[in-house]
Amino acid sequence: MNTLLPAIGFGLVTASILAVAGVGFTLQFGVTNILNLAYGDIMTAAAFVAYLVTSAGVSVWLALVAGAAFGGVFSVVLNRALYTPFVRHGTRLFGMIIVTISVSLIVQNGLQAIFGASFFSLNMPRPAPIHVAGMVFTTVQFAIIGIAVAAMLLVHLLLRYTKLGKAMRATASDPELARNCGIATDRVIDLAWALSGTLCGLAGVILVMNVTAFTDTTGSQFLIPVVAVAVLGGIGQPYGAMLGALIIGIASEVAAAVISPDYKNVVAFVILVIVLLARPQGILSEIATRKEVAA
Amino acid sequence: MRIAVKALGAALVLVAVGACGSSGGGGASASSTLVVGEFNPFSGPDASFGLEMAGGCVPAIRLINAGGGVLGHQLSCVQEDTRGDPADAVPAAQKMMATETSLVGVLGPSSDEALATAPLLNQGHVPMFVDTGQAAFNHTGDAYFWRVTPADDVKGYALALWAHKAGYTRAAAVFGNDAGAQSDVPTLVKAFTRLGGTIAYNKPFALGQSSYRTEIENILATHPQVIFTEVDPQTGATFLSELQQLHGLLPVIGTEVTLQAPWLKAVGGAIGPAAMARYFQGMQPYAPPSGPAWQAYNKSLLGSAAQVPKPSQWSSDPYSMTYYDGVNVMALAMIAAKSTSPAVFNPYITKVTEPGPGKKVVDTFAAGQAALRAGHQIQYVGAGGPIVFNHWHNSTGAFEAAKYANGTITLVGSVSAAQIAAISR
């Protein structure tokens with residue numbers, strides 16, 4: 001019991017990183033219908049951008065902004081230059097998955113060619129410990145939780161209370177109907193890539209701020225829990241991804257405390273399987289059902 | 001559709017024919033370039049293994065070719081990327097054996113792919129100087145298998161002996177949940193307990209997680225004096241930096257993995273050079289960077305910058321040294337056997353390395369070639385020290401403890417082969 005409470009607290013940090021990455025991933029699929037398996041590698045690329053920025057002596061917080069901006073711009077360009085032509089040529093869901101895997105390999109090997117097969121750390125001040133309710137966190141971990149909460153709040157406000165958010169939800173729900181209602185779906189899709197890419201870049205930088213050393217495969221290794229979060233929440237459902245991140249983040253830390261660190265991933269995925277057995281379309285399933293039909 | 005099926009069938013037949021006809025035992029045509037395959041990961045998470053291997057293969061080839069080659073043949077190192085994954089390594093091995101007609105041997109496989117590919121290479125009559133430490137090969141009957149680095153389970157004895165020497169009696173074992181790291185643990189626990197110590201925490205770590213805070217709390221609750229470890233660089237950096245930030249570091253004794261450049265860079269970057277120098281020590285096979293064999297190796301290595309990026313990083317790397325020795329041993333075995341056919345020269349590998357009365361001890365390829373031409377029997381003692389294969393083609397020596405300070409690895413002590421033999425009984 002004395003390790004259970006801290007484990008839940010520590011799970012919040014993992015959940016924060018997963019939430020930012022998971023919401024971006026699921027939003028991307030929800031609006032664009034492309035399951036972008038290069039997402040983890042774009043996270044890594046954003047981390048390398050942050051690395052270059054901090055190596056130039058600039059603050060890690062500005063590097064965070066630079067990484068997020070890179071993620072947004074790169075994702076829009078990637079979609080415009082590569083994914084959209086494939087979609088226009090009639091490539092379906094499975095074919096697009098193969099295309100995104102190809103992009104993943106290209107980005108990963110490109111990063112290795114540029115930076116080498118080595119490990120890198122962001123140039124940032126050593127964080128100080130902070131004691132809260134019997135648990136110890138660091139300033140960086142608190143910042144990560146704060147960034148995730150702020151990002152989730154902004155996504156919520158955008159989706160619920162802005163025209164763009166409503167247009168995104170309409171496009172995600174039924175693109176043809178949205179187009180017929182006068183929504184410029186191409187522009188909406190561009191903005192969805194920008195927003196989800198920004199979250200992807202942000203997630204890449206906060207991930208490497210937390211793990212402290214990274215290489216060209218760090219983001220792709222993190223992709224599996226990100227996909228799990230998206231699937232658990234109901235693919236295409238940002239709020240589901242937030243909930244999924246909390247469940248997987250806390251469950252994996254509790255498993256490490258109560259059972260064994262070896263079972264961190266196993267327990268999280270057992271929960272995923274159990275939930276999917278009960279609710280095959282995920283916890284929040286509205287769009288997931290539609291996407292399945294479309295696929 | 002039918003055409004596609006036929007094409008696929010034809011491709012499969014071609015692959016199968018290639019695999020069946022893949023015996024590396026054919027030797028080489030006159031004056032062709034002999035190929036030494038660098039059969040290791042060159043991409044993926046363990047891509048650094050391949051670079052480390054090139055740090056041994058290239059310097060050896062340079063010296064051999066500069067000395068006129070082997071029986072009229074020049075040699076070359078050819079990268080065969082396994083990606084560190086058996087699913088990629090098996091086809092890579094089949095392709096290599098099918099297409100490299102002048103293949104005389106390989107360096108590798110590593111622990112990532114050895115169980116899947118060593119039997120294939122053995123079946124193809126390809127001599128392999130492996131860098132896997134898996135205990136599964138401690139008593140292998142594979143004739144073409146040669147291991148000049150210690151098995152993983154031997155490392156456990158070395159770690160325990162060194163911690164005991166330093167006066168530690170209570171420890172935590174932080175090892176990855178991969179087969180290679182876990183194979184160190186039983187012998188570590190056995191030896192440390194036999195020496196009067198207690199392993200208070202021993203749970204496999206899931207690798208590559210974004211955080212290890214919960215594990216840290218559980219470890220500290222057992223009040224260890226020292227942490228034994230073998231985890232990948234990223235896991236090591238995350239774990240130790242969180243430990244440092246949250247509670248402060250403890251002394252850490254790692255396996256040879258933790259003395260390799262990627263680990264030192266990742267963890268050094270995460271916890272800082274001062275903490276590395278103060279808290280961290282690693283154990284690795286004893287291969288002191290000194291003596292004529294090492295000098296020849298290092299001189300050739302430093303002259304290989306065109307093919308080996310930042311060659312000086314491998315100057316004191318025992319694995320790079322043993323790869324260098326592996327190439328030299330194969331080359332000398334070919335000269336002793338007067339054949340480049342692996343099936344013919346493979347038995348000569350022990351003949352050019354084992355000690356014996358009247359044998360001339362040589363420490364370079366050039367010296368060995370000259371001695372063999374003069375009709376002597378030789379014992380090659382390489383950059384990594386003497387090589388004495390047992391019945392199962394394994395050669396294990398002493399271990400050294402080293403620390404990392406001011407950007408260099410510094411020897412701080414050693415554990416002898418006799419001590420390891422005594423504790424392992």
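The values are calculated or read from the model by the stated rules, or taken from the named source; none is laboratory data. Everything numeric in this text was worked out from a predicted model, so none of it was measured. All Cβ positions, even for glycine, are placed from backbone atoms using ideal geometry, and neighbour counts span all protein chains on display. Just the protein is used for accessible areas: all its heavy atoms, side chains included, with ligands, DNA and RNA removed. Shrake-Rupley method; radii C 1.70, N 1.55, O 1.52, S 1.80 Å.
Descriptive notes on the structure:
- Tally, over region A:143-155, of residues that are free of Cβ contacts under 8 Å to residues at least 40 places away in the same chain and within 12 Å of another protein chain (Cβ to nearest Cβ): 0
- Filter pass, residue A:212 being open to solvent by less than 50 Å² (accessible area, probe 1.4 Å) and on the phi > 0 side of the Ramachandran plot: yes
Residues checked against (1) surrounded by 22 or more Cβ atoms within 10 Å (Cβ to Cβ); (2) of a type in the set (A, V, I, L, M, F, W, C); (3) without any contact (Cβ under 8 Å) to a residue 12 or more places away in the chain:
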position: B:323; (1), (2), (3): yes, no, no
position: B:327; (1), (2), (3): yes, yes, no
position: B:338; (1), (2), (3): no, no, no
position: B:349; (1), (2), (3): yes, yes, no
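- The one condition from (1) modelled with pLDDT under 90; (2) more than 10 Å from every other protein chain (Cβ to nearest Cβ); (3) under 30 Å from residue A:118 (Cα atoms) that residue A:205 does not meet is (1).
- Only one entry of B:248, B:196 meets the criterion of being more than 29 Å from the chain's Cα centre (by Cα) and within 10 Å of chain A (Cβ to nearest Cβ), and that entry is B:248.
- Extreme residue, most open to solvent (accessible area, probe 1.4 Å), among residues of region B:382-404 that are within 13 Å of residue B:354 (Cα to Cα) and in contact with a strand residue (DSSP E or B) (Cβ under 6 Å, 6 or more places away or on another chain): B:393
- Residue satisfying all of: in region B:106-145; open to solvent by 30 Å² or more (accessible area, probe 1.4 Å) and of a type in the set (D, E, K, R); farthest from residue B:49 (Cα to Cα) among these: B:142
- The one condition from (1) open to solvent by 40 Å² or more (accessible area, probe 1.4 Å); (2) touching a helix residue (DSSP H, G or I) at 6+ places or on another chain (Cβ under 6 Å); (3) in contact (Cβ under 8 Å) with a residue 40 or more places away in the chain that residue A:263 does not meet is (3).
- Evaluated against (1) open to solvent by less than 60 Å² (accessible area, probe 1.4 Å); (2) in contact with a strand residue (DSSP E or B) (Cβ under 6 Å, 6 or more places away or on another chain), residue A:159 falls short on exactly one condition, (2).
- Among the candidates A:84, A:32, A:100, residue that is hydroxyl-bearing (Ser, Thr, Tyr) and over 15 Å from residue A:189 (Cβ atoms): A:100
- Only residues that are over 19 Å from residue B:213 (Cβ atoms) and open to solvent by less than 60 Å² (accessible area, probe 1.4 Å) were counted across region A:123-155, and they come to 4.
- Any hit, region B:270-284, residues being open to solvent by less than 10 Å² (accessible area, probe 1.4 Å) and within 27 Å of residue A:226 (Cβ to Cβ): yes
- Of all residues making up region B:386-422, the number that are closer than 26 Å to residue B:190 by Cβ and assigned to a loop (DSSP other than H, G, I, E, B): 11
- Tabulated pairs, region B:375-396, first of a type in the set (Phe, Trp, Tyr), second part of a strand (DSSP E or B), C-beta under 9 angstrom, 6+ apart or interchain: B:380/B:361; B:380/B:362; B:380/B:386; B:389/B:146; B:389/B:147; B:392/B:145; B:392/B:147
- Qualifying residue in region A:219-228 (condition: out of contact with any Asp or Glu (no Cβ under 6 Å at 6 or more places or on another chain), more than 12 Å from every other protein chain (Cβ to nearest Cβ) and in a loop (DSSP other than H, G, I, E, B)): no
Matching residues to (1) modelled with pLDDT of 95 or more; (2) open to solvent by 60 Å² or more (accessible area, probe 1.4 Å); (3) over 19 Å from residue A:117 (Cα atoms):
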{"residue": "B:25", "(1), (2), (3)": "no, no, yes"}
{"residue": "B:34", "(1), (2), (3)": "yes, no, yes"}
{"residue": "B:39", "(1), (2), (3)": "yes, no, no"}
{"residue": "B:45", "(1), (2), (3)": "no, yes, no"}
{"residue": "B:60", "(1), (2), (3)": "yes, no, yes"}
{"residue": "B:64", "(1), (2), (3)": "yes, no, yes"}
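- The residues of region A:115-135 that are over 24 Å from the mean Cα position of the chain (by Cα) and more than 9 Å from every other protein chain (Cβ to nearest Cβ), listed by number, are A:125, A:130, A:131, A:132, A:133, A:134.
- Top-ranked residue in region B:202-245 [being in a loop (DSSP other than H, G, I, E, B) and of a type in the set (D, E, K, R); ranked as nearest to the other protein chains (Cβ to nearest Cβ)]: B:203
- Exactly one residue out of A:101, A:183 is β-branched (Val, Ile, Thr), open to solvent by 20 Å² or more (accessible area, probe 1.4 Å) and without any contact (Cβ under 8 Å) to a residue 40 or more places away in the chain: that is A:183.
- Filter result for residue A:228 (of a type in the set (A, V, I, L, M, F, W, C) and touching a Ser or Thr at 6+ places or on another chain (Cβ under 9 Å)): no
- Residue within region A:276-284 that is within 30 Å of residue A:126 (Cα to Cα), under 19 Å from the mean Cα position of the chain (by Cα) and either of a type in the set (Lys, Arg) or open to solvent by less than 30 Å² (accessible area, probe 1.4 Å) (or both) present: no
- Within region B:251-299, being in contact with a helix residue (DSSP H, G or I) (Cβ under 9 Å, 6 or more places away or on another chain), in a loop (DSSP other than H, G, I, E, B), without any contact (Cβ under 8 Å) to a residue 40 or more places away in the chain and at negative phi holds for one residue alone: B:289.
- Taking region A:3-97 and the helices (runs of 4 or more DSSP H) fully enclosed by it, no element has 3 or more residues that are crowded, with 22+ Cβ neighbours inside 10 Å, of a type in the set (Ser, Thr, Tyr) and more than 12 Å from every other protein chain (Cβ to nearest Cβ).
- Residues satisfying the stated conditions in region B:159-179, i.e. open to solvent by less than 10 Å² (accessible area, probe 1.4 Å) and part of a helix (DSSP H, G or I): B:159, B:160, B:163
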